[in-house]
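Computed from the coordinates by the stated procedures, all read-outs in this text should not be read as laboratory data. Since the structure is predicted, the reported quantities are computational estimates derived from the model, not experimental observations. No Cβ is skipped: glycine too gets one built from the backbone with ideal geometry, and neighbour counts run over all protein chains shown.
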Amino acid sequence: MMKAIRHRLSRDEGFTLIELMVVVMIIAVLIAIAIPSFLGFRKSAQDRSAQSELRSVFGYNSLAPRDHLALASSIPDPRSSAYDVLGTAFVISEAALDQYKDGESGLVLLGESDAVKVYRRPSALPLVRLLYQFEVIEDESRAISRVHEPDFDPGAAAIVDRQPDCLLGSSPDEKGTVEIVDSKDGYWKAATKSEAPAILVLAESAYPGWNVKIDGNPAEALTAYTTVKAVCVPAGEHVVEWSMGAGSLYAGAAVTVLTLIILIFAYLQHRKRSGDDKPQIETEL
């Protein structure tokens, strides 16, 4: 018996091709999960340090979706209505922007250092606001052009890409109020109070994956001015919450776990078959 055991332990066998493939695939899956997470954490830390608690015009967690860039760069002038819509209160520039100080929306220099200059935009709209008028413009380029037209007031009307499900009448004598109750990565909470139904606009990127609820009930998310969040709110007092859904994250994790289970099962089956096919060594005591 001891001779047979020593024989098994002394056999010099390499790995099979399937075993190597399983190991390589497992390592590849782990790398695919780890590297994006590491890069994301590193960039997030760099962004937070650079922003110094200032919220970027380019939206949630400093993402810069195409729609946000298209609106912000539609007219290369920091006094444009596009920046009003995005709630841009300040402009930080390495170069002097004296050529943009003229006019009602002219920049106001607040301070400067050797590296940057900080300007205030007096025409910036609030980050969150209630509107009682809207225009439906499905074409993106036409909607952006409408933002810059002299007869359009982005502080009074929203531009949406489809008919909202709320019935808006004339503006009430007393405008409603809205305030941000809580905000963090992936979450916004606002409290509204209005005598009439309104469109609530949050000047943050309407990035795919955001869900909105009113008083805990799912609501229809709208996109205003081609790129920012909006939702219809009924008259009265309400709590509106936006949250970033994790559906794609959960789906990816489920696929990864299922793949690992299949690979492990296939590996064990292969080992079992390989063991059954090997000749048995019988010895006498």
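Sites listed here are trypsin sites (Lys or Arg not before Pro) in region 153-204 whose DSSP assignment is loop and whose Cβ has at most 13 other Cβ atoms within 10 Å: Arg162.
The order of His238, His68, His148, going from fewest to most other C-beta atoms within 10 Å of their C-beta, is His148, His238, His68. Annotation note: GluC sites (Glu not before Pro) in region 166-218 located in DSSP loop regions with a Cβ neighbour count of at most 12 within 10 Å are Glu174.
Charges were assigned to the Cβ only: +1 to each Lys and Arg, -1 to each Asp and Glu. The resulting dipole of region 126-244 about its Cα centre is roughly 240 debye. Looking at this model, which pairs from Lys101/Lys229; Lys117/Lys193; Lys193/Lys229 are more than 27 angstrom apart at the alpha-carbon? Long pairs (Cα-Cα over 27 Å): Lys101/Lys229; Lys117/Lys193. Among the GluC sites (Glu not before Pro) in region 79-130, those placed in a DSSP loop whose Cβ has at most 12 other Cβ atoms within 10 Å are Glu94, Glu104. Between the alpha-carbon centers of region 164-211 and region 114-129, tell me the distance in whole angstrom. What the calculation gives is 22 Å, centre to centre. Oblate is the label for region 126-244, because the ratio a/c of its alpha-carbon gyration tensor axes (a ≥ b ≥ c) is 1.5 or higher and a/b is not greater than b/c.
Taking other C-beta atoms within 10 angstrom as a stand-in for reagent exposure, Val231, Val212, Val136 fall in the order Val136, Val212, Val231, fewest first.
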